[in-house]
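Undergrad: One structure, pasted below without further comment.
The values are calculated or read from the model by the stated rules, or taken from the named source; none is laboratory data. Here the structure is a predicted model, which means the values were calculated and not measured. Backbone-built Cβ (ideal geometry, glycine too); neighbour counts: all protein chains shown. Accessible surface areas use protein heavy atoms only, side chains included; no ligands, DNA or RNA. Shrake-Rupley method; radii C 1.70, N 1.55, O 1.52, S 1.80 Å.
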Amino acid sequence: MSQVVQTRRLQAVDLIKRKAEGRKIIALTAYHAHTARIVDAYCDFVLVGDSLGMVMHGMESTLPVTLEMMILQAQAVMRGTSRALVVVDMPFGSYEASREQAFLNAARVLKETGAGAIKLEGGARFAETVAFLTERGVPVMGHIGLTPQSVNTMGGFKVQGHGAGDEDRLRADARAISDAGAFSIVMEGIVEPVARAIATDPAIRAATIGIGATAACDGQILVLEDMLGLSDRVPKFVKSFGSLRTHIEEAVRAYADEVQAGRFPAEGHTYPPR
């Protein structure tokens, strides 16, 4: 009888081990079961990001995304994956009011989705919340630099690290949430020398994940639809690894032409009588 080999799903501690071993951490976003199934074989973690508001629903920012939307898509991603750690974004308004609010909503996400960790935005001011969550069994990924949920107070999606004192502030943010127990920190939209200084800081134990930051980070993440060439506009830090928009348009055009010409469905696509 052949023996079934069970693949263990990666956990938060595995990302810390990869950092210690010097192995790069690979990550992408996913919001659907079918795309999650594809990236699962190649990614150490899959992020169900609140970017789904902009990518899936055409919203101008991530602010309108609800906890229920995050849970629904995280359930789909969990069904599509079996290997990668699944991390779920805490949407705007679901954790800022208090440590208790953050725990109740994070616990709901983990219970209702089966995901392995949550991610929340913000630096030192949320260190107390990070500690409160990790002490209660919630693995936390932090997020510093360009934090999209702060778009209104930042004055737009602006790269961080240009100003005097920015490096000290961002380094303090990273150290604070790492010391509070975050297993990983996403560093987004930070000028390269500043990001490199933070990513190579030996005082930061959390695994650093870059997106528009530096190759010196312990790993990298991109929005799947951006790197596949599906998005209309992408930030400078995105490299296109595919051109799916063109392929989809060609396929849809061919389908429409065949339907219009009466060539589809052909005999091979219909059911003959018995």
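Undergrad: So if we plug the beta-carbon distance of LEU72 and ARG37 into 1/(1 + (r/R0)^6) with R0 = 25 Å, what FRET efficiency do we get, rounded to 0.05?
TA: Values: r = 17 Å, r/R0 = 0.69.
Rounded to the nearest 0.05, the efficiency is 0.90.
Undergrad: So what J values fall out for the range 18-33 if you push phi through Karplus, 6.51 cos²θ - 1.76 cosθ + 1.60 with θ = phi - 60°, rounded to Hz, Gly and Pro as x?
TA: So the J values, rounded to whole Hz, are 4, 4, 4, 8, x, 8, 5, 9, 10, 8, 9, 8, 7, 10, 10, 5.
Undergrad: If packing is taken as the mean number of other Cβ atoms within 10 Å per residue, what is the order of 224-233, 157-166, 126-135, 87-96, highest first? Numbers along the way, then the final one.
TA: Numbers: 224-233: 17.4, 157-166: 13.3, 126-135: 20.2, 87-96: 23.5.
Listed from highest to lowest mean packing, they are 87-96, 126-135, 224-233, 157-166.
Undergrad: Can you work out the Karplus-derived ³J(HN,Hα) for every residue in the range 244-259? Use 6.51 cos²θ - 1.76 cosθ + 1.60 with θ = phi - 60°, whole Hz, and x for glycine or proline.
TA: Along the range 244-259, the couplings run 5, 4, 5, 5, 5, 4, 5, 5, 5, 5, 5, 4, 4, 5, 5, 5 Hz.
Undergrad: Another question about this same structure. Sort the range 173-262 into rounded, prolate or oblate with this rule: let a ≥ b ≥ c be the square roots of the eigenvalues of the Cα gyration tensor; rounded if a/c is under 1.5, and if a/c is not under 1.5, prolate when a/b is larger than b/c, oblate otherwise. Don't skip to the answer; put the middle values down first.
TA: On the way: a/c = 5.08, a/b = 3.39, b/c = 1.50.
Prolate, because a/c is 1.5 or more and a/b exceeds b/c.
Undergrad: Give, as a single signed number, the net charge of other residues whose beta carbon lies under 15 Å from the beta carbon of GLY161, with Lys and Arg counted +1 and Asp and Glu -1. Present the calculation step by step, with values, prior to reporting the outcome.
TA: Numbers: positive: LYS158, ARG169, ARG171, ARG196, LYS236; negative: ASP166, GLU167, ASP168, ASP173, GLU188, GLU192, ASP201.
Result for the local shell: -2.
Undergrad: Return the carbon/sulfur percentage of the accessible area of the chain, one whole number, probe 1.4 Å, all protein chains in place. Walk me through the numbers before you get to the answer.
TA: On the way: 7880 of 14220 Å².
The computed percentage sits at 55.
Undergrad: Taking only pairs that are 8 or more places apart or on different chains, how many Lys pairs in the chain have Cα atoms under 20 angstrom apart?
TA: The number of close lysine pairs in the chain is 7.
Undergrad: Here is a further query. Average the reciprocal distances over every distinct pair of alpha-carbons in the chain, invert the result, and give the Kirkwood radius in Å. Working shown, then result.
TA: Details: mean 1/r = 0.0504 Å⁻¹.
When all Cα pairs of the chain are included, the Kirkwood radius is 19.8 Å.
Undergrad: Restricting to Cα pairs below 8 Å that are 6+ residues apart, what does the relative contact order work out to for the chain? Please round to a whole percent.
TA: Values: 497 pairs, mean separation 42.2, N = 274.
Averaging sequence separation for qualifying contacts and normalising by length gives 15 percent for the chain.
Undergrad: How much area per residue is accessible in the chain when the probe is 1.4 Å and only protein heavy atoms are counted (Å²)? Before the final figure, lay out the partial values.
TA: Values: 14220 Å² over 274 residues.
Counting only protein heavy atoms, the per-residue value for the chain is 52 Å².
Undergrad: With r defined as the distance between the Cβ atoms of GLU128 and VAL234 and R0 fixed at 35 Å, what FRET efficiency is calculated, to the nearest 0.05? If you can, show how the numbers build up before the last one.
TA: Values: r = 35 Å, r/R0 = 1.00.
Efficiency for this residue pair is about 0.50.
Undergrad: Each label point is 7 Å from the Cα along the Cα-to-Cβ direction; what then is the distance between the points at ARG245 and THR7, in nm?
TA: Those two pseudo-labels are separated by 3.1 nm.
Undergrad: Using a 1.4 angstrom probe with every protein chain in place, what is the largest-first accessible-area order of ILE221, ILE26?
TA: On the way: ILE221 10, ILE26 90 Å².
Most to least solvent-accessible, the answer reads ILE26, ILE221.
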